[in-house]
Amino acid sequence: MSKTADPRLPDPSRWKALAFIALAQLMVVLDATIVNIALPHAQTALGITDANKQWVITAYALAFGGLLLFGGRIADLWGRKRTFVVGLIGFALASALGGAAQNQGMLFGSRALQGVFGALLAPAALSLLAVMFTDAKERAKAFGIYGAIAGGGGAVGLILGGFLTQTLNWRWTFFVNIPFAVIAAAGAYFVIREPVGSRNRSSLDIPGVVLSALGLVSLVYGFTRAESSGWSDPLTIGMFVASGVLLLSFVLTEARVKSPLLPLRVVMDRNRGGVYLSLGLAIIAMFGLFLFLTYYLQVVRGYSPIRTGFAFLPMIAGMITGSTQIGARLMTRVPARKLMGPGFLTAAVGMLLLTQLEIGSSYPALILPAQLLLGLGMGTAFMPAMSLATHGVEPRDSGVASAMVNTSQQVGGAIGTALLNTIAASAATAYATSHAALAATDPKLLKLQAMVHGFTGAIWWAVGILVAASAIAVTFINAGRPSATAVNSGSGSGDADGVEDEFKVPVVAH
């Protein structure tokens, strides 16, 4: 039987629970990048064609991004603890299947299953934090840790992926998830106590599930296909059109049904809407950067997989510092927008430094300080963003509100990888064409110069995207600083005269 907690009292096991929730979140986030470094080795071992290799990434992204809202609603309906544990066990089994894959179909199927169970696990993890930590100061610390993991987990995946691929083999990038999942599931089962009365037992909105899943899958696949086949490809255009029609139908359906999958009250609040939009834009910039720096360090500079992974350590250190030492300490003292706006701008300055990349750029003089600024800025902004995601939400909606954060991250990652990579490829092609004379004397140099020129061209776009994220955070988010103790949920919107409300944190009523 699942343990429950008296909502009037702080859960005495909440900090132990945070450790297991954070471990599960780390596993899900690092899995988004850990497979990238191992992909060339898996492709060779299983005979995957160049045309099909994208499905190792795409199968996971489609299932995960398409089912996140459904997973969040299941957490509200079925119970967050139960959904969390089932998601962990399923993710471990899917990872074991991927590590044991004997052909490309088996590998693609395992990645899709990882996405399905990740879509159950991720929103359940965030919503558990939302209902377990109701004191504002403790909530700030908890979300600071969670935000640092959410922001830095991708870079940790690059380090771990490089180490496992180089010292063992590519299969261990899948097998490594099993101990993570087993420890987190066992800890969650014995430690987590979900507050009573926090479930949403309304009937499941089947039309909403189908429309949202198909709409998000079409959107993610459209951007993924644009990367490989171009923006003018008929199927690419068709995916975007289908996505627009499906998602519009989803919104219209949610406005009419009695028990919507995504209650529009969750996203229409200006603070939560500002978080979802600004966070999605920031992730677009970050995922593009992971891709470009990985290729720059390995292809242009000749770094090994392990050395490439460790080259990302300054960004991880910056994210942890920004999240736990800046964001968490200041969140109870200043309004969230005064952390998120400057945070995204600081990251934009770090990104701006990287527009100066050249073939022989110094790592200590350019790349290291750029990563520190990026990490500090993103960590500072991520922490209040994660906490504001459930700002003023009724406990019965916390799962789907949490799922919206993960949806914005997942869709943002897919868009960022496809959009910025396409911009970089076009810029590289244009550079190679305009410098064709160099091809006769030093074709290798031309290739590297064109590649770096493409990277810097796309990074300029990332700078603009981060500036836009900062502007949206400052414009939309008007929640004041959180009070020192938990209070009842509020709307979180500013008063008509412009005076800020206090940042209300949700507590579970009897």
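The values are calculated or read from the model by the stated rules, or taken from the named source; none is laboratory data. Worth saying up front: this structure is predicted, and the values here are computed from it rather than measured. Virtual Cβ from ideal backbone geometry, glycine too; neighbours counted across all protein chains shown. Quick note on the areas: whole protein, heavy atoms, side chains included, nothing else; ligands and nucleic acids left out. Shrake-Rupley method; radii C 1.70, N 1.55, O 1.52, S 1.80 Å.
Points worth noting:
For every residue, the table says whether it meets (1) out of contact with any Ser or Thr (no Cβ under 7 Å at 6 or more places or on another chain); (2) within 23 Å of Leu262 (Cβ to Cβ).
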{"site": "Ser13", "(1), (2)": "yes, no"}
{"site": "Leu46", "(1), (2)": "yes, no"}
{"site": "Thr83", "(1), (2)": "yes, yes"}
{"site": "Gly98", "(1), (2)": "no, no"}
{"site": "Leu113", "(1), (2)": "yes, no"}
{"site": "Val116", "(1), (2)": "yes, yes"}
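- In the set (1) in contact (Cβ under 8 Å) with a residue 24 or more places away in the chain; (2) in contact with a helix residue (DSSP H, G or I) (Cβ under 6 Å, 6 or more places away or on another chain), Arg82 fails one condition alone, (2).
- Candidates Leu352, Leu345, Leu376 - the one that is hydrophobic (A, V, I, L, M, F, W, C), open to solvent by 10 Å² or more (accessible area, probe 1.4 Å), within 22 Å of Thr308 (Cβ to Cβ) and part of a helix (DSSP H, G or I): Leu376
- When Ile74 is tested against (1) under 28 Å from Phe190 (Cα atoms); (2) open to solvent by less than 20 Å² (accessible area, probe 1.4 Å); (3) modelled with pLDDT under 90, just one condition goes unmet, and that condition is (2).
- Tabulated pairs, segment 398-425, first farther than 19 Å from Asp233 by Cβ, second basic (Lys, Arg) and open to solvent by less than 10 Å² (accessible area, probe 1.4 Å), C-beta under 7 angstrom, 6+ apart or interchain: Gly399/Arg73; Gly399/Arg80; Val400/Arg73
- First in segment 440-461 and within 23 Å of Leu281 (Cα to Cα) and assigned to a helix (DSSP H, G or I), second anywhere and open to solvent by 60 Å² or more (accessible area, probe 1.4 Å) and of a type in the set (Val, Ile, Thr), Cβ under 9 Å, 6 or more apart: Gly454/Thr429
- Top-ranked residue in segment 266-279 [being open to solvent by 10 Å² or more (accessible area, probe 1.4 Å) and touching a helix residue (DSSP H, G or I) at 6+ places or on another chain (Cβ under 7 Å); ranked as farthest from Ala365 (Cα to Cα)]: Val267
- In segment 252-279, of all residues being more than 21 Å from the chain's Cα centre (by Cα) and modelled with pLDDT of 90 or more, the one that is nearest to Gly464 (Cα to Cα) corresponds to Leu252.
- Residues (modelled with pLDDT under 90 and within 13 Å of Thr83 (Cβ to Cβ)) located in segment 173-204: Ala188, Tyr189, Ile192, Glu194, Ser198, Arg199, Asn200
- When Ser489, Ser483 are checked against the criterion of being under 16 Å from Asn271 (Cα atoms), touching a helix residue (DSSP H, G or I) at 6+ places or on another chain (Cβ under 9 Å) and modelled with pLDDT under 80, a single residue qualifies: Ser489.
- Residues in segment 104-122 that are in contact with a Leu (Cβ under 6 Å, 6 or more places away or on another chain) and not aliphatic (A, V, I, L, M) were compared, and the one that is most open to solvent (accessible area, probe 1.4 Å) is Gln104.
- Those residues of segment 317-337 which are in a helix (DSSP H, G or I), open to solvent by 20 Å² or more (accessible area, probe 1.4 Å) and not β-branched (Val, Ile, Thr), in sequence order: Ala317, Gln325, Arg329, Leu330, Arg337
- Qualifying positions in segment 232-269 - of a type in the set (Lys, Arg) and closer than 22 Å to Gly71 by Cβ: Lys258, Arg265
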